[in-house]
Amino acid sequence: MTTFIAHYRSPNASAQRALGLFEFESDARIGTKANQRDARMRMLELYGAAAVGWNIDKIERKSAKKPVADGQLELDFRDPIPERKRKRSKGYW
């Protein structure tokens, strides 16, 4: 089995924003549906129901050079993105 690193993030509109990475093992080749399914299942095992809405952005092979944060979440303390308001049209009527 090959070890991979998956990068995940919560949606931008989420009240509890999360960003991080985790390791998982898979027999499938990188970029296949089976590999993405293995990453998704491992993410749900690690984080449970909170991770249902999260997206996996990138999957890469683990190399000996890159340190992994062991599933440590990176907190995002920025304010939520404000909703864009529609501009009123200046009609000729």
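Here, each number is a calculation from the coordinates, and none is a lab measurement. Nothing here was measured: the structure is a model prediction, and the numbers come from that model. We place every Cβ from the backbone using ideal geometry, glycine too, and count neighbours over all the protein chains shown.
Descriptive notes on the structure:
- Folded to 0 to 90 degrees: helix 33-47 orientation relative to the chain principal axis, Cα: 80 degrees
- GNM top mover of Asp79, Asp38, Asp57 - the chain, alpha-carbon springs below 10 Å: Asp79
- Per-selection metrics, the chain (Cα): Rg and Dmax in Å: 18.1, 68
- Rounded to the nearest 500, the 222 nm mean residue ellipticity of the chain from helices alone is -5500 deg cm²/dmol, with -39,500 (n - 2.57) taken per DSSP H run of at least 4 residues.
- Between Ala34 and Asn12, the modelled labels are 3.6 nm apart [label points 7 Å from Cα along Cα→Cβ].
- Loop sites here are trypsin sites (Lys or Arg not before Pro) outside DSSP states H, G, I, E and B with no more than 15 other Cβ atoms within 10 Å. The longest part of the chain free of them is 30-61.
- Here the 3J(HN,Hα) profile of the stretch 14-24, calculated from phi with Karplus coefficients 6.51, -1.76 and 1.60 at θ = phi - 60°, is 5, 5, 10, 7, 9, 8, x, 8, 8, 9, 8 Hz, Gly and Pro shown as x.
- Rounded to the nearest 20, the size of the Cβ-charge dipole of the stretch 11-63 about its Cα centre is 160 debye, with Lys and Arg at +1 and Asp and Glu at -1.
- Prolate/oblate/rounded call for the stretch 1-55, Cα gyration tensor, a/c under 1.5 rounded: prolate
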